[in-house]
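Engineer: Please read through the structure below; I'll follow up with questions.
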Amino acid sequence: MVKYLIPLVLFVVLAGFLFAGLGLKPREVPSPFIGKAAPDFNLPQLMQPEKSISRDELLGKVYLLNVWASWCVTCKYEHPLLMELKNARLVEVYGLNYKDKREDARLVLRRTGDPYVVNAYDEEGRVGIDYGVTGTPETFLIDKNGTVVHKVIGALTPDILRNCILPLVEQLKMADRQNQISREAVEACV
Amino acid sequence: MRLMNRVSCSIAVLLMLAGTSVMAMEAKPMAKDTVLEEKVMEISFELRCLVCQNQTIADSDAELAVDLRNQVREMIVAGKTEEEIVDYMVARYGDFILYRPPVQPTTYLLWFGPFILFAVGLGVLVMNIRSRRKISDEEAAEEQLSSDELARVKSLLKQSSGDESK
């Protein structure tokens, strides 16, 4: 009897592992920047090339840095949500326009609306590399001290915003330092 | 599996090296560039492509891999050591970019799991052999002739040899 049970048990264990594997998201590589300073950058702006934008200008704000490109299909899917965020004035979104053509990116924003306060234009993707960007879209939540609090790989969803990003933003706006945010808010993001 | 990976990897390496040296020759027929490209590839084989995660950035044609190879090339030209370049990548993309994962608590299972499985397999094998031997010993004992039987066999043998001599 036991003899016949062993293969069954082995099968169940293997099936269990494989089933758990279905739920894994290999693209969601943990970012080494969480809890560390967002890398510095100084780039020309997308809309006004003669002006620049740097990380240090954004110190003192809680904001989202959204990495996007006009050639990125998932970004189009994500776009209406960013517009909603802008209209609801819940959190400021800055853009990092990644490896794009200036005209293409501008055209997208003209046609579908511009959810960004300012866009940094990263033509060669250098700043993208500094931020460990592996693809678009990616969104970093950065606090007043310029520390990366959270990173979302792939499109933002109403669910992620409601349960993770917005509660964190609320607490970060009140707090001076990142360690003042509650553990529940952080755990909601895992 | 691992061996297969090795084999396919080394085939890829050969193809890659063949390809790059030809390309380098076409672009700039300078020996220095070939050396540089080889160095770029050598370091690239240590770095995982984060888009197609089972490939190194040397193997991958993903745009990110091309960018990172360019970054590696520039850093070599700027006189950075391999260690500095790898550290630079790890600082941005995390340990995951290392194609050879470092030995640390989170990767213990990965590194030592196969040895544990091997030990378990060996244990099962030894137990199996032992129980089999025990059974065959018992069977052998059953097959042993008793002294009565032995005497009969001897007498039969004697009888038959006597028959033959007739």
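The values are calculated or read from the model by the stated rules, or taken from the named source; none is laboratory data. These numbers were taken from a predicted model, which means no experiment stands behind them. Neighbour counts run over all protein chains shown; Cβ positions are idealised from the backbone, glycine included. Heavy atoms of the whole protein, side chains included, go into the accessibility calculation; ligands, DNA and RNA do not. Shrake-Rupley method; radii C 1.70, N 1.55, O 1.52, S 1.80 Å.
Engineer: Given (1) in contact with an Asp or Glu (Cβ under 6 Å, 6 or more places away or on another chain); (2) loosely packed, with under 12 Cβ neighbours inside 10 Å, identify the lone condition not met by residue A:3.
Structural biologist: For residue A:3, the failing item is (1).
Engineer: Considering only residues that are within 10 Å of chain A (Cβ to nearest Cβ) and charged (D, E, K, R), which ones fall in segment B:52-106?
Structural biologist: Answer for segment B:52-106, where residues must be within 10 Å of chain A (Cβ to nearest Cβ) and charged (D, E, K, R): B:63, B:67, B:92, B:95.
Engineer: Pull up segment B:82-113, narrow it to residues that are touching a residue at least 24 places away in the same chain (Cβ under 8 Å) and not β-branched (Val, Ile, Thr), then point me to the one that is farthest from residue B:55 (Cα to Cα). It would help to see each step written out before you state the result.
Structural biologist: Going through segment B:82-113, the residues touching a residue at least 24 places away in the same chain (Cβ under 8 Å) turn out to be B:82, B:85-86, B:89, B:93, B:96-100.
From what's left, not β-branched (Val, Ile, Thr): B:82, B:89, B:93, B:96, B:98-100.
On the way: B:82: 19, B:89: 16, B:93: 15, B:96: 12, B:98: 11, B:99: 8, B:100: 12 Å.
Taking the candidates together, the pick is B:82.
Engineer: Further question: Out of the residues in segment A:68-97 meeting the condition of being free of Cβ contacts under 8 Å to residues at least 40 places away in the same chain and small (Gly, Ala, Ser), tell me which one is surrounded by the fewest Cβ atoms within 10 Å (Cβ to Cβ).
Structural biologist: Among those that are free of Cβ contacts under 8 Å to residues at least 40 places away in the same chain and small (Gly, Ala, Ser), it is A:88.
Engineer: If you take the residues in segment A:50-64 that are open to solvent by less than 60 Å² (accessible area, probe 1.4 Å) and in contact with a Lys or Arg (Cβ under 9 Å, 6 or more places away or on another chain), which one is nearest to residue A:113 (Cα to Cα)? Before you say what the answer is, go through the steps one by one.
Structural biologist: Taking segment A:50-64 first, the residues open to solvent by less than 60 Å² (accessible area, probe 1.4 Å) are A:52-55, A:58, A:60, A:62-64.
Still in the running and in contact with a Lys or Arg (Cβ under 9 Å, 6 or more places away or on another chain): A:60, A:62.
Values: A:60: 27, A:62: 22 Å.
Only one residue tops the list, namely A:62.
Engineer: Do the conditions hold for residue B:161, that is, is it outside the structural domain of residue B:95 (by TED's automatic domain parsing) and either touching a residue at least 24 places away in the same chain (Cβ under 8 Å) or loosely packed, with under 10 Cβ neighbours inside 10 Å (or both)?
Structural biologist: yes
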